[in-house]
Amino acid sequence: MGKYGKWITGGLGFALFGPLGAVLGFAVGSLFDSADITSSRTTYTGQTSRNGFIVSLLVLVSAVMKADGKVLKSELDYVKRYFLQSFGEAAAAEAVLLLRDILKQHVPLKDVSFQIRDNMDYSSRLQLLHLLYGVAMADGVVSPEEVNVIREIAGYLGISQPDLDSISAMFIPNNDANYKILEVEPTATDEEIKKAYRRMAIKYHPDKVTHLGDDIRKSAEEKFQRVNQAYEKIKKERGFV
């Protein structure tokens, strides 16, 4: 229990129970011996806990990493680097240890994703999806198997198709990527582009995940900046201000 103390001893909220709790119970061992983690449930309170978000991320990351049949050191390094930048050296080391344990077992992806959907606000789920693509891109390319798993997860999480396509376009280049990020068609008028930008800037604003802590809010800035970049590129191409 000691090696996971910083992350697991408190603040897990909904992640302590149900399928997620079972996965964590397997990894952490005696920590959950006193809890009925396979059947207990909690009620969503309207705010996702920081630790609940973190362990949800690690469990879903494990599914993406195993999607192509191999776990690359570059992928583990990406996860460690993300936690190192966001939470510090000690936390990164503990997160990677927990991830290594989770990778050794089967994760019931549908059940776990449904639990996250039912207990996590939408903005936090969007941030989870963004980070999953980041892990998949750790080796420089997102494999078809990884794309399929992420899209499967997105469906289970209740992410809308436009939002899925928007985040996907931030990582997988295509001719219409900037328009997809703003969730508009290339045939949209300049005024429609401006309205779409304002809407997406609000949707992806880092303040939407402030309740998860300053560190996770900071990681959400990447998604917000990508929206700004897409808008600036479209403006330059079209020549409007």
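The criterion of being under 25 Å from F83 (Cα atoms), assigned to a helix (DSSP H, G or I), in contact with a Phe, Trp or Tyr (Cβ under 7 Å, 6 or more places away or on another chain) and assigned by TED's automatic domain parsing to the domain that holds F83 holds for I150.
Checked against the criterion of being surrounded by fewer than 16 Cβ atoms within 10 Å (Cβ to Cβ), more than 16 Å from the chain's Cα centre (by Cα) and either in a loop (DSSP other than H, G, I, E, B) or of a type outside the set (A, V, I, L, M, F, W, C) (or both), the range 110-124 has at least one qualifying residue.
The set of residues in the range 86-102 being touching a residue at least 60 places away in the same chain (Cβ under 8 Å) and surrounded by fewer than 16 Cβ atoms within 10 Å (Cβ to Cβ) consists of A90, L97.
When the range 44-85 is filtered for residues that are buried (at least 20 other Cβ atoms within 10 Å of the Cβ), more than 22 Å from G25 (Cβ to Cβ) and of a type in the set (S, T, N, Q), nothing remains.
Against the test of being part of a helix (DSSP H, G or I), out of contact with any strand residue (DSSP E or B) (no Cβ under 8 Å at 6 or more places or on another chain), surrounded by fewer than 21 Cβ atoms within 10 Å (Cβ to Cβ) and charged (D, E, K, R), the options R226, R198 yield a single qualifying residue, R198.
Residues that are crowded, with 16+ Cβ neighbours inside 10 Å and touching a residue at least 60 places away in the same chain (Cβ under 8 Å) are absent from the range 175-194 altogether.
The values are calculated or read from the model by the stated rules, or taken from the named source; none is laboratory data. This is a predicted model, so every value here is computed, not measured. Ideal geometry is used to build each Cβ from the backbone, glycine not excepted, and the neighbour counts take in all protein chains shown.
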